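The values are calculated or read from the model by the stated rules, or taken from the named source; none is laboratory data. Predicted model only: the values in this text are computed from it and were never measured. Here the Cβ positions follow ideal geometry from the backbone for every residue, glycine too, while neighbour counts run over all protein chains shown.
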Amino acid sequence: MSSAQRKDDHVRLAMEQQHAHSGRNQFDEVSFVHHALAGIDRPQVSLATEFAGISWPVPLYINAMTGGSAMTGRINRDLAVAARESGVAIASGSMHAYFKDPSCADTFRVLREENPHGFVMANVNATASVDNARRAVDLLQADALQIHLNTAQETPMPEGDRSFASWPAQIERIAAGVGVPVIVKEVGNGLSRQTLLALPALGVAAGDVSGRGGTDFARIENGRREHADYAYLHDWGQSTAACLLDAQDVALPVLASGGVRHPLDVARALALGARAVGSSGGFLRTLLDDGVEALIAKIGSWLDQLAALQTMLGARTPADLMRCDVLVSGELRAFCADRGID
Ligand code: FNR
C-alpha cells in the first residue's frame with residue numbers, strides 16, 4: 001500500500017471515529033469548584049502562554065495530522081489558513097512520506113506558505129535520522145519539531161515497526177542536532193509520568209501527553225484491514241486528564257491533546273497543568289464537514305469562550321487556572337489513588 005493511500009485512509013477512518021464517538025471521555029470526571037465571587041473583569045484576562053522559551057498569544061494549537069497525498073495537501077492548505085486567521089500554532093503530520101518521496105513536498109510546505117508568520121511545527125517519528133529531521137524543519141521553516149511516539153499504532157500494523165529500543169537514543173541525537181526545540185508527543189495513548197521524566201535528559205523541551213479519549217489509532221489501523229487481530233488494543237493507554245494528573249510535579253513543560261471537545265476541556269487541561277492544548281480529529285471534522293470558514297469561526301469561538309471561562313473562574317492567565325479548585329471523580333479518582341496523586 002502506498003504512503004499516500006495510507007494517509008487518506010487515516011483521514012477517512014478518523015472521521016468515521018469522530019462521527020461514531022459517544023461524546024464522553026475522562027475530562028467529564030474533572031470539574032471546577034464554583035466560587036460565585038471569584039470572577040474578574042474580561043479586560044483583565046490574557047490568553048498568552050509560555051513554555052520552554054516559546055511564547056504563544058493563545059494556549060491552543062492545531063495538532064499533527066497529515067500531508068503526503070493530493071487530498072491531504074488540500075487539507076493542510078485549509079488547516080494552515082485556519083491557523084493564520086485565528087492566530088493558533090499548527091503542527092504538520094508525519095513527514096516521512098516526504099523523506100521517501102520528495103515529490104510530495106508541496107503537500108507539507110503549504111503549511112508555511114499559507115501561514116508565513118505563524119508558529120509551525122514539523123513532525124517526524126523517533127527513528128528519523130538527524131539529517132531528515134533537519135530537512136523536515138527546513139522545508140517548513142519550522143519553529144519547533146514534534147517527535148511522535150506511537151507503539152500502540154505500530155503494533156496492530158503488519159508492516160509496523162517492532163523495534164523500539166533505539167528510540168530514546170535517537171530522540172537525544174535529533175534534539176541535539178536539529179536546532180529548534182523538540183516536543184515529544186504521543187498520538188492518542190498518553191505519555192506516562194515515567195516517560196515524561198525520561199525526556200529532559202534526552203534534551204527534549206516539552207511533552208504533549210496526547211492521551212486517550214479522542215482519536216484512537218489502534219482502532220484506525222485495525223479498521224484498515226479485514227481481520228482486526230488486535231481489537232483488544234482499542235482504548236489503550238491513559239486518558240489526557242489522567243496523564244496531566246500523573247505529570248503533576250514533573251519539571252518538563254507539558255502540553256495536552258487527545259479528546260479535547262470544547263472550551264471547558266481546554267480550561268480543564270490548563271487547570272491540570274497543561275501550558276497549551278491541542279486538537280486534531282475534532283478540528284478536522286469541522287473542516288471536512290463544514291469548511292474552512294467554519295473551522296476559523298470555531299477556533300475563534302473557543303478562544304472567546306476560554307477567555308469568558310477564565311473571567312468567571314478569576315484566572316487572569318491560562319497559568320492562573322492551575323490555582324483553581326478542581327474536583328476529580330469516578331475512575332480518574334481511582335487512578336489518582338492508585339498512583340498516590342493528591
Ligand atoms: C493524527 N495524529 C498524528 N500525530 C502525529 O504526531 N503525526 C501524524 O502524522 C499524525 N497523523 C494523524 C492523522 C489524523 C487524521 C489524526 C486525526 C490524528 C495524532 C494527533 O496529533 C493527536 O495526537 C491525536 O489525534 C489525539 O488528538 P485528538 O484527535 O483526539 O484531538
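Just checking, which of G237, G259 is within 13 Å of the ligand (Cβ to nearest atom) and within 12 Å of the chain's Cα centre (by Cα)? Lay out the reasoning, then the answer.
Details: G237 fails: within 12 Å of the chain's Cα centre (by Cα).
Going through G237, G259 in turn, just one is within 13 Å of the ligand (Cβ to nearest atom) and within 12 Å of the chain's Cα centre (by Cα): G259.
Scanning the stretch 1-52 for residues being of a type outside the set (A, V, I, L, M, F, W, C), in a loop (DSSP other than H, G, I, E, B), closer than 29 Å to G330 by Cβ and more than 21 Å from the chain's Cα centre (by Cα) gives a total of 3. Tell me which residues, restricted to the stretch 166-201, are out of contact with any Cys (no Cβ under 9 Å at 6 or more places or on another chain), farther than 18 Å from S92 by Cα, assigned to a loop (DSSP other than H, G, I, E, B) and hydrophobic (A, V, I, L, M, F, W, C). L199 - this is the single residue of the stretch 166-201 that is out of contact with any Cys (no Cβ under 9 Å at 6 or more places or on another chain), farther than 18 Å from S92 by Cα, assigned to a loop (DSSP other than H, G, I, E, B) and hydrophobic (A, V, I, L, M, F, W, C).
The residues in the stretch 215-231 that are over 15 Å from L191 (Cβ atoms) and either at pLDDT 95 or above or within 14 Å of the ligand (Cβ to nearest atom) (or both) can be counted, and the count is 8.
For the stretch 260-268, the criterion of being crowded, with 24+ Cβ neighbours inside 10 Å and more than 29 Å from L13 (Cβ to Cβ) is met by at least one residue. Looking across Q146, Q153, one residue alone is within 14 Å of the ligand (Cβ to nearest atom), touching a residue at least 60 places away in the same chain (Cβ under 8 Å) and touching a strand residue (DSSP E or B) at 6+ places or on another chain (Cβ under 6 Å). It is Q146. Can D78 be described as of a type in the set (D, E, K, R), closer than 20 Å to V266 by Cβ and not in a loop (DSSP other than H, G, I, E, B)? Considered against the rule, which asks whether it is of a type in the set (D, E, K, R), closer than 20 Å to V266 by Cβ and not in a loop (DSSP other than H, G, I, E, B), D78 comes out as no. The residue pairs whose first member lies in the stretch 120-141 and is part of a loop (DSSP other than H, G, I, E, B), whose second member is among the aromatic types (F, W, Y) and crowded, with 16+ Cβ neighbours inside 10 Å, and whose beta carbons are closer than 6 Å, counting only pairs six or more residues apart or on different chains, are A126/W167.
For the stretch 100-143, which positions are within 12 Å of the ligand (Cβ to nearest atom) and under 22 Å from G211 (Cα atoms)? Of everything in the stretch 100-143, those that are within 12 Å of the ligand (Cβ to nearest atom) and under 22 Å from G211 (Cα atoms) turn out to be M121, A122, N123, V124, N125, A126.
Consider the stretch 171-186. How many of its residues are surrounded by 20 or more Cβ atoms within 10 Å (Cβ to Cβ) and free of Cβ contacts under 8 Å to residues at least 60 places away in the same chain? Selection size over the stretch 171-186: 6.
If you check T311, T286 for being surrounded by fewer than 24 Cβ atoms within 10 Å (Cβ to Cβ) and within 13 Å of the ligand (Cβ to nearest atom), only one passes: T286.
Scanning the stretch 25-71 for residues that are surrounded by fewer than 15 Cβ atoms within 10 Å (Cβ to Cβ) and within 21 Å of D208 (Cα to Cα) yields A48, G53, S55, P57. Of L252, L272, L303, L244, all but one fail to be free of Cβ contacts under 8 Å to residues at least 40 places away in the same chain and crowded, with 17+ Cβ neighbours inside 10 Å; the exception is L244.
In the stretch 89-99, the qualifying residues are those that are within 12 Å of the ligand (Cβ to nearest atom) and outside any helix (DSSP H, G or I), and the one that is farthest from S279 (Cα to Cα) is M95. Taking the numbered list (1) free of Cβ contacts under 8 Å to residues at least 40 places away in the same chain; (2) within 14 Å of the ligand (Cβ to nearest atom); (3) touching a strand residue (DSSP E or B) at 6+ places or on another chain (Cβ under 8 Å) in turn, N76 passes all entries but (3). Just a yes or no: is a residue in the stretch 223-237 buried (at least 22 other Cβ atoms within 10 Å of the Cβ) and either basic (K, R) or not in a loop (DSSP other than H, G, I, E, B) (or both)? No, there is no match, as no residue in the stretch 223-237 is buried (at least 22 other Cβ atoms within 10 Å of the Cβ) and either basic (K, R) or not in a loop (DSSP other than H, G, I, E, B) (or both).
What about T317, is it over 19 Å from S31 (Cβ atoms), of a type outside the set (A, V, I, L, M, F, W, C), surrounded by fewer than 22 Cβ atoms within 10 Å (Cβ to Cβ) and touching a Ser or Thr at 6+ places or on another chain (Cβ under 9 Å)? Spelling it out, T317 is indeed over 19 Å from S31 (Cβ atoms), of a type outside the set (A, V, I, L, M, F, W, C), surrounded by fewer than 22 Cβ atoms within 10 Å (Cβ to Cβ) and touching a Ser or Thr at 6+ places or on another chain (Cβ under 9 Å).
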